Amino acid sequence: MAPRTLVLLVLLCLGTLRTCSGGGASASAAAGIRMKLTHVDAKGSYTVEERVRRAVAASRQRLASVRGGGGGVSAAVHWATQQYIAEYTVGNPPQRAEALIDTGSDLIWTQSTECLRKVCARQDLPYFNASASGSFAAVPCRDRACAANYVHFCALDGGCTLVASYGAGAVIGFLGTDAFAFASGGGTVALAFGCVSFTQVVPGALHGASGLIGLGRGRLSLVSQTGADRFSYCLTRYFHKDAPPSHLFVGAAAPSHLVSSMAFVENPKDFPYSTFYYLPLVGISVGDTRLPINSSVFELQQVKELKGYWTGGVLIDSGSPFTALAHGAYQPLHDEVARQLNGSLVAAPENSDFDLCVRRDDVDRVVPELVFHFSGGADMAPPPENYWAPADKTTTACMAILDGYDQSIIGNFQQQNMHLLFDVAGGRFSFQKADCSTL
C-alpha cells in the first residue's frame with residue numbers, strides 16, 4: 001500500500017468510521033490453551049506436486065518480505081505468508097472465527113462488519129459483528145493497550161485507531177476487548193484485538209481466514225496477553241494427504257522443557273525486530289564434514305547507514321515453508337551435498353525450482369546426515385524427509401533448502417514431527433523429535 005493512500009485512509013477512519021461498540025468485557029483467564037492447527041493447503045484439493053510448488057512460492061515471498069525488497073536491509077517480516085489456521089470463538093454469544101498463526105507478529109485481529117465500503121478480504125466465516133456481542137468494549141485512546149500497537153491514533157470519539165502493516169499488505173481498524181474461547185475449553189479469556197474495518201492485502205493472503213493471531217514478544221500478542229511464560233507447537237506432515245492436524249499449546253498446556261535447549265539470541269530494541277525469535281546457529285555439518293562457514297554469516301547485525309534497521313540473523317518461523325540459508329552458508333552446503341551425492345544425483349524435473357535431486361526411492365539410502373549446530377552444544381539433525389521434497393509425481397525428490405541471500409530462516413517443513421518449545425520467560429528455545437499426530 002502506498003504511504004499516501006495509507007495516510008488518507010487513516011484520516012478517513014479517524015473522522016468517519018464507527019468504532020465496534022458494545023458492552024463491557026467479562027472473562028476468565030485460561031490456565032492453558034490448546035489449538036488445533038490446519039495447514040492452509042488442506043482447504044484445497046492440491047496434488048503433492050502442487051503443494052511443493054506453492055511452498056516454494058510462499059518461501060520466496062517470505063524471504064522477499066524479510067529482506068525488505070533488496071539492499072540487504074531487513075524490513076517487517078511478519079505475515080508475507082502464513083501456513084497454519086486455528087479456529088476460535090469471540091464475543092457473547094460466541095461468533096466463530098479463524099486466524100492465521102504468526103510467530104513473527106503480535107497483534108490479534110479479525111475482520112468485522114464495520115468494513116469501510118465493504119473493503120475487506122474474502123473469508124470463509126461471517127465477519128465479526130461487535131454490536132451483536134454483549135461482552136465487547138472499545139479500548140480508549142489513552143489506554144496502554146492502544147500505545148502497545150506500533151502505529152495508533154486517537155479517533156474523534158476517543159477510541160483507538162490502529163494500523164498494522166505486513167509483507168502481505170495492511171489493515172486498519174479499532175482496538176477493542178472481548179471474550180475469546182479456544183478449542184481446549186477451560187472458559188474464556190479477555191483479549192485486546194483489532195476490530196478491522198479496512199483490509200488491503202495480496203489476493204489470497206488470508207486463505208479464507210478471518211484475521212491473524214500473533215505469537216510474538218510484544219504486549220498485544222496472545223502469549224503476552226494471557227500471561228503465558230511459554231508456548232509450543234508440533235507440526236504434522238503436510239505433504240501427506242489426509243494428514244492429522246497439528247497443534248499449538250500456550251501457557252500451562254505447553255511442556256516445561258524438551259530434550260535439546262539453547263538460549264535465544266538477544267533481540268534488538270527496534271521494532272519489528274524486537275518481536276521475533278532468533279536462534280544462535282553457529283555451524284552446519286554434512287555427514288562427517290563440518291562446512292567452512294564463518295559464524296558471522298548467521299549473526300544479526302545492525303545496518304550502519306540506516307538507524308533502526310537490522311540484517312541477517314536466524315529466524316525460527318512458523319510462516320515460511322522451506323528453510324533458507326544466508327548465501328555464505330547455502331553455497332558451501334549446496335557444494336558439499338553435491339560432492340557427497342555425486343553419482344546419485346539425477347536431473348531436476350522440468351520447470352523445477354530445485355537443482356540437487358535424487359531418485360525418491362534412494363533418499364533414505366544416499367542422502368548424508370545434515371546437522372545444524374547451535375551455541376551451547378545443541379544439535380538439530382532433521383531427517384531427510386524434512387528437507388528433501390517430492391518434485392514430481394513418482395520418481396524424484398530434491399533438496400528443499402533455498403538461498404536466503406543475507407537471511408537465514410528455519411522453515412516449518414524442517415520442523416515437521418518436532419515439538420518446538422518457546423520459553424519466553426526463560427529466554428530459551430527447546431526441541432525434540434515427536435510423533436505430532438499423537439499429541
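Some observations on this one:
- Prolate/oblate/rounded call for region 111-157, Cα gyration tensor, a/c under 1.5 rounded: prolate
- Full-stretch length increase - residue 147, residue 274 - with 0.36 nm per residue and alpha-carbon distance subtracted: 44.1 nm
- Projected label distance in nm at residue 381 and residue 200, using a 7 Å step from Cα toward the beta-carbon: 5.2
- Database remark: amide H of residue 405 closer than 5 angstrom to the amide H of 327 (H placed geometrically; neighbours at sequence offset of 5 or more, or on other chains; Pro and chain starts carry no H).
- Portion, in percent, of the accessible area of region 299-416 that falls on carbon or sulfur, probe 1.4 Å: 46
- Proximity of backbone amide H atoms, modeled 1.01 Å from N, is registered between residue 424 and 230, 231 at under 5 Å, excluding neighbours fewer than 5 places apart on the same chain.
- Between the amide H of residue 283 and those of 373, distances stay under 5 Å, these residues lying 5 or more places away or on another chain, with hydrogens modeled in the peptide plane.
- Length-normalised contact order for region 291-439 - Cα pairs under 8 Å, 6+ apart - percent: 29
- In terms of its C-alpha gyration tensor, region 170-293 comes out prolate, because a/c is 1.5 or above and the ratio a/b outweighs b/c.
- Compared with the direct C-alpha span, the chain from residue 437 to residue 366 gains 22.8 nm at full extension, assuming 0.36 nm per residue.
The values are calculated or read from the model by the stated rules, or taken from the named source; none is laboratory data. Bear in mind the structure is a predicted one, so any value in this text is a computation, not a measurement. Cβ coordinates were reconstructed from backbone atoms using ideal geometry, including for glycine residues, and neighbour counts include every protein chain displayed. We work out accessible area using only protein heavy atoms, side chains counted, and drop any ligands, DNA or RNA first. Shrake-Rupley method; radii C 1.70, N 1.55, O 1.52, S 1.80 Å.
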